[in-house]
4 protein chains.
Amino acid sequence: MAGNSFGQIFRITTFGESHGEAIGVIIDGCPSQLKVDLDYIQGELDKRKPGQSKITTQRKESDTVKILSGVFEGKTTGTPIAMIIPNEDQRSKDYTHNVDVFRPSHADYTYQTKYGIRDHRGGGRSSARETAARVAAGALAKLLLKTQGIEIVAHVSSVGKINAPEVEVKNADQFIEEREKNIVRCADQAVAAEMIEYIDGIRKQGDTVGGKVSCHIINCPVGLGEPVFDKLHADLGKAMLSINAVHGFEYGSGFAGSEMRGSEHNDIFSKNQSGDIETLTNFSGGIQGGISNGMPIEFKVAFKPVATIMHNQATIDSEGNAAEISGKGRHDPCVVPRAVPIVEAMAALVLVDHWLRNRNTQL
Amino acid sequence: MAGNSFGQIFRITTFGESHGEAIGVIIDGCPSQLKVDLDYIQGELDKRKPGQSKITTQRKESDTVKILSGVFEGKTTGTPIAMIIPNEDQRSKDYTHNVDVFRPSHADYTYQTKYGIRDHRGGGRSSARETAARVAAGALAKLLLKTQGIEIVAHVSSVGKINAPEVEVKNADQFIEEREKNIVRCADQAVAAEMIEYIDGIRKQGDTVGGKVSCHIINCPVGLGEPVFDKLHADLGKAMLSINAVHGFEYGSGFAGSEMRGSEHNDIFSKNQSGDIETLTNFSGGIQGGISNGMPIEFKVAFKPVATIMHNQATIDSEGNAAEISGKGRHDPCVVPRAVPIVEAMAALVLVDHWLRNRNTQL
Amino acid sequence: MAGNSFGQIFRITTFGESHGEAIGVIIDGCPSQLKVDLDYIQGELDKRKPGQSKITTQRKESDTVKILSGVFEGKTTGTPIAMIIPNEDQRSKDYTHNVDVFRPSHADYTYQTKYGIRDHRGGGRSSARETAARVAAGALAKLLLKTQGIEIVAHVSSVGKINAPEVEVKNADQFIEEREKNIVRCADQAVAAEMIEYIDGIRKQGDTVGGKVSCHIINCPVGLGEPVFDKLHADLGKAMLSINAVHGFEYGSGFAGSEMRGSEHNDIFSKNQSGDIETLTNFSGGIQGGISNGMPIEFKVAFKPVATIMHNQATIDSEGNAAEISGKGRHDPCVVPRAVPIVEAMAALVLVDHWLRNRNTQL
Amino acid sequence: MAGNSFGQIFRITTFGESHGEAIGVIIDGCPSQLKVDLDYIQGELDKRKPGQSKITTQRKESDTVKILSGVFEGKTTGTPIAMIIPNEDQRSKDYTHNVDVFRPSHADYTYQTKYGIRDHRGGGRSSARETAARVAAGALAKLLLKTQGIEIVAHVSSVGKINAPEVEVKNADQFIEEREKNIVRCADQAVAAEMIEYIDGIRKQGDTVGGKVSCHIINCPVGLGEPVFDKLHADLGKAMLSINAVHGFEYGSGFAGSEMRGSEHNDIFSKNQSGDIETLTNFSGGIQGGISNGMPIEFKVAFKPVATIMHNQATIDSEGNAAEISGKGRHDPCVVPRAVPIVEAMAALVLVDHWLRNRNTQL
């Protein structure tokens, strides 16, 4: 009700503020007997953690996850799985200058007005640090999906106006290997180099820039998604839009599809050589009527530029008087390289929940 | 769980198939003592009903709504409000040719595979006819929001590649009056004429085309939206993506924002002459940190072209054999004119739910 | 949220007032491909309907159920199943004397105070008539459970101080046959005769009396029930306590168990001749740790006497002034004979929901 | 869905096994600006902790609670409140003899069968240790209710066949003071002495005994409870039945009410000298039509005897073979003295949730 839970059967609840004791997550509804690979979970967190390269924030946090419950002798037991990530680098003093002024395009003003109180340190609950808990839970979801052969991979498809070419993902591991060859997490090495140079320039100017993450889900069986409100793409959309800084979501033909004609947009069914049903095109993005159709699920997520810049900006204080805010702290010039594991994690949480929900479809 | 409910406190559950007895909705959680204006509700349905102009489907249904419960002497009583809309124009024979073939880019194949059974008549549950129930419920939500001064208006902002200029909504009633002057429901009369001519041409070719609907919410108080998963724009996004044919959602700066720099994207706070806090720009689309900030809430919804075209198309039958489907039945050449009230209804359902949820934020 | 829904996966939402247009229920989450036996559903409603014998209210309603959606060619399709029961015998004038006075031990006062408005006719939403919708939904749940061999039977085990002996149910159909031989629905014919005579005497005095219903669930597999809050008996308890007039619930040893010692109460495990695990006693009532253990599930439900009596009673009016209420209308001298199908229906709704939930327990 | 959450608006999720790292709870939906008295919360835990007297288990755990999030400068912020209680006394070796045998009337067999795996140490998730998390959350709920004047008090009203006289609670603090004068937590000192002697005798015999806890809620406003399924007493009943070892729940007249006549059971409304509406009797237990009526809410909870006894008992092992289990470990001879704070906590969680839900009843 207060919005800190996600999912219906595989249901997570996250907690924690940026500069409190710890952040964490409880997963309720994970089936029993799933093998828990803690190294894999930590590896996913490492892709999100700050300080990993010159184009991310220089804050340092190891973001080490610890499992408190729900796992026994390496396997899930069907009881709630609690994971916590202690907060380490709590330089709260970096943030004392923000107590009484509202940072532009941050959540200071809306939190203060909504709740009448806020933990201002580092954005408190509104900090993107919360997404670390999602990545931990999403990693477990991925482990479950992998037992079914379902793979979820994302990469940075644009930074500012620099766009990577469309990709087709045949092999998830190879795609990830390619993507991880560069620090911006774009699967095209040439474009990646261009993006990195661009971000580095932006960083030096004390500015920030937006970008897009594209996600591909392969080997998804037909039948996931619940009409009419919980269409698979509706839940994916909500999941993505719940990530800090996301301003747009599209799947399949997306916004471009609104300019097309039906005669060019319709995906024609066909039986392929293996006897499987597929469509000749995939403008549907792998989802028809809100239900997966067995084709690759494809969507894009648009991130606005990070609001914290190293420039002085006009604003107001908590009494509504004019004030100025100076750029301090350590922040990301572009959020998308660290957003890749978050997008994957949220997609995994949607998929695993719908996979479980679909177990109850037929008698 | 099976996806036919929406909302947490103001919660609706819809039911019904395109060619069954009736469709309808139960609203549970509407506060007591709201005056129910049945004419207003019917008026909203009339904007969605088929057969209203030459650029919509020529099917005829009066879509007359009847309230079965929850209203006493013209006011809500706090008990569930059941509304039904009987199905009238059930020319099921129009659809018998679809029993055994899967229509391209429709939900026939996914429903059949997911459930192992489907009511094929007119798309059954996957028909956009289901959205009439949403419009009825959304009209009640709007009546409640109006008691708080909150207004929600949408219009067609693009058809194919024809785009209306950006609008600023000052007065909801005037905006609606302007929009209703033309059958395509675009607030710009010149662009509307162009759109209508274009759609009419598409219709004559037996083809269809996509488009976009833009929505504006004005007078929304600060504080609606629940971090972290139920951000206001995340719930709006899910609501919109759950509408048939929607392939994309963006709010505020949207996809274009991913190309911008922080220094140009940040919305600077300022106190206006009335002493109210506002922002000088509105790239945030009225929402910061997932919570409304008092500025107009603005978002866009992309609709793909309708899948039913009057051309013959290749497909497969239920055994997976190659088949052909011929274009029959009565369908819309472009869905966006009838989608306007649906977008508004879904937005209203999100807003009313968050308005109620926000009553519990502070002690 | 407003309390008109029940269940998580197999989820029902009821609507309707005693003297409105209709009452009804939507079932969302019933798996597809279940055969729907409408005669069976109507038969269950007939056991609850008024006017069925001299010891029930003489109001007459046929309580004919109609399915509006979700069923195609005799089978469920996985979409929401809407059932309505039109209201027929709406002698609202019988109730006009209740507009401004609060009937003792009824819900008039609490509804009026909570909502600030109420449909006073026949108790409106607080009428036990609402339970007809539960019986319809519960009948469908029973049909599903029967496909798994699970049977639910209840009977009247006490009226006032007249108690039937404890029973063991071996065969559900035989038990029901025996129970239906008398109008009080007690499986022991001699005790039933005594109960009927007693109720008839109470009725002639214009008074009412309470009683108990005992319920037995046989062939339930091991594993239903979700620790820690949704223990099977906790959900059964809530289900029963949500029935009008219920004041108590106990399972297994129940209240008597609070007087026992562990050494006499423990149910010793044993492997029987068929190789199945069973317990030598069943003080656990078929549930251990909130999870069914394969033994018969047994519980008892206590109903208070009906509040409407044919005596004049002191009360207050809506302004809080002293008033008198005279006994009018047509009511039941004892509610338990008609409560038997309601108890079974609610038990079935709990069981079917947990059966579905349990499909997601293991990977 | 997996049953580890409770409540709708004030929603808790507990986690943790008896002998894992820690147990804990997340509270989502607590309004902001509530003062958090950590000493009070710890004090409630101290009433539940093991080792507090000669008639409780001699296990020693300090059960020290730590708040990880959601509280800033001593007040709630409206974000999730995570509380953990590290496990200290983890003598797992005490439990190694239970790995392969199923303890009679414990949850070993049902957990093993349901999940296919279980953390056997100390009962794992099925251990009553989980209720410590509930007590911590319930203490916060009580703090919120106290701001509204609502008080919840319980005491031990029976042990075996020893019953305390019915009590009327005028002043919550005085009642608690009286109750805490003895280690069995019965408000009647003479009966308490008898109970203590009895339990001590049972303990020396290596046996256990059941008992009852009675709960009183005073100063509850009219209007809490949501018809039809979420009646206040239905939610209280579920809450109580979800506590380990509970086998029965009754409110108001309870089971005895089933033997009464309407003419004696009806609670007559009256305006008292202060001008408040009250009822002359309270067989309704403060709840009518599922909604609080302003009278004291009164209910009783029946606990079975603890299953762990110091006797050898026959049982079966995990292969279904006959086995014997010897009584080891440190356990309670009677659970009710430590159950008093748990009953209060669960009642507080129900009340606070319904108090919040009721904020949305009227427009």
field: Selection count, the stretch D:1-53, where residues are without any contact (Cβ under 8 Å) to a residue 60 or more places away in the chain, more than 14 Å from chain C (Cβ to nearest Cβ), open to solvent by less than 30 Å² (accessible area, probe 1.4 Å) and over 19 Å from the mean Cα position of the chain (by Cα)
entry: 2
- line: Reported set for the stretch D:59-86 where residues are touching a residue at least 24 places away in the same chain (Cβ under 8 Å), outside any loop (DSSP other than H, G, I, E, B) and not β-branched (Val, Ile, Thr) is D:75, D:82, D:83, D:86
message: I'm trying to understand the selection: among the residues of the stretch D:208-221, which are open to solvent by 20 Å² or more (accessible area, probe 1.4 Å) and outside any strand (DSSP E or B)?
response: D:219, D:221
message: For the stretch D:105-118, which positions are within 15 Å of residue D:244 (Cα to Cα) and not hydroxyl-bearing (Ser, Thr, Tyr)?
response: D:106, D:107, D:108
message: From the list B:153, B:99, exactly one residue is among the β-branched types (Val, Ile, Thr) and surrounded by fewer than 21 Cβ atoms within 10 Å (Cβ to Cβ). Which is it?
response: B:99
Hey, residue A:93 in a helix (DSSP H, G or I), open to solvent by 10 Å² or more (accessible area, probe 1.4 Å) and at pLDDT 95 or above or not: no
- line: In the stretch A:111-133, anything of a type in the set (D, E, K, R), in contact (Cβ under 8 Å) with a residue 12 or more places away in the chain and within 9 Å of chain B (Cβ to nearest Cβ) is listed as A:125, A:130
- line: Per the filter on the stretch D:150-166, residues within 25 Å of residue D:293 (Cα to Cα) and either aliphatic (A, V, I, L, M) or more than 14 Å from every other protein chain (Cβ to nearest Cβ) (or both) are D:150, D:151, D:152, D:153, D:154, D:155, D:165, D:166
query: Hey, does the stretch A:296-318 have a residue that's more than 18 Å from the chain's Cα centre (by Cα), facing chain B (nearest Cβ under 10 Å) and closer than 30 Å to residue B:115 by Cβ?
result: no
query: Which members of the stretch C:1-41 meet the condition of being over 24 Å from residue B:31 (Cβ atoms) and touching a Ser or Thr at 6+ places or on another chain (Cβ under 7 Å)?
result: C:30, C:31, C:32, C:33, C:34, C:36
task: Examine the stretch C:60-70 for a residue that is on the phi > 0 side of the Ramachandran plot, surrounded by 20 or more Cβ atoms within 10 Å (Cβ to Cβ) and within 14 Å of another protein chain (Cβ to nearest Cβ), and state whether such a residue exists.
output: yes
field: Candidates D:214, D:263, filtered to the one that is at pLDDT 95 or above and within 7 Å of another protein chain (Cβ to nearest Cβ)
entry: D:263
query: Which members of the stretch C:319-331 meet the condition of being more than 8 Å from chain D (Cβ to nearest Cβ) and on the phi > 0 side of the Ramachandran plot?
result: C:329
task: Could you tell me whether the stretch D:238-259 includes any residue that is within 7 Å of chain C (Cβ to nearest Cβ), open to solvent by less than 10 Å² (accessible area, probe 1.4 Å), closer than 30 Å to residue D:161 by Cβ and assigned to a loop (DSSP other than H, G, I, E, B)?
output: yes
- prompt: From the list D:159, D:209, which one is among the hydrophobic types (A, V, I, L, M, F, W, C), within 17 Å of the chain's Cα centre (by Cα) and at pLDDT 95 or above?
  reply: D:159
query: Name the residues in the stretch B:332-361 that are more than 15 Å from the chain's Cα centre (by Cα), closer than 22 Å to residue B:127 by Cα and open to solvent by less than 10 Å² (accessible area, probe 1.4 Å), would you?
result: B:333
query: Do we find a residue being free of Cβ contacts under 8 Å to residues at least 24 places away in the same chain, away from chain A (no Cβ under 14 Å) and open to solvent by 10 Å² or more (accessible area, probe 1.4 Å) anywhere in the stretch B:191-207?
result: yes
task: Go through (1) assigned to a loop (DSSP other than H, G, I, E, B); (2) crowded, with 24+ Cβ neighbours inside 10 Å; (3) more than 14 Å from chain C (Cβ to nearest Cβ) and name the single condition residue D:56 misses.
output: (2)
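The values are calculated or read from the model by the stated rules, or taken from the named source; none is laboratory data. What you see is a predicted model, and the numbers here were worked out from it, not measured in a lab. Here the Cβ is made from the backbone with ideal geometry for all residues, glycine too, and neighbour counts use every protein chain on show. To get the accessible areas, we keep the full protein, side chains included, count just its heavy atoms, and leave off ligands, DNA and RNA. Shrake-Rupley method; radii C 1.70, N 1.55, O 1.52, S 1.80 Å.
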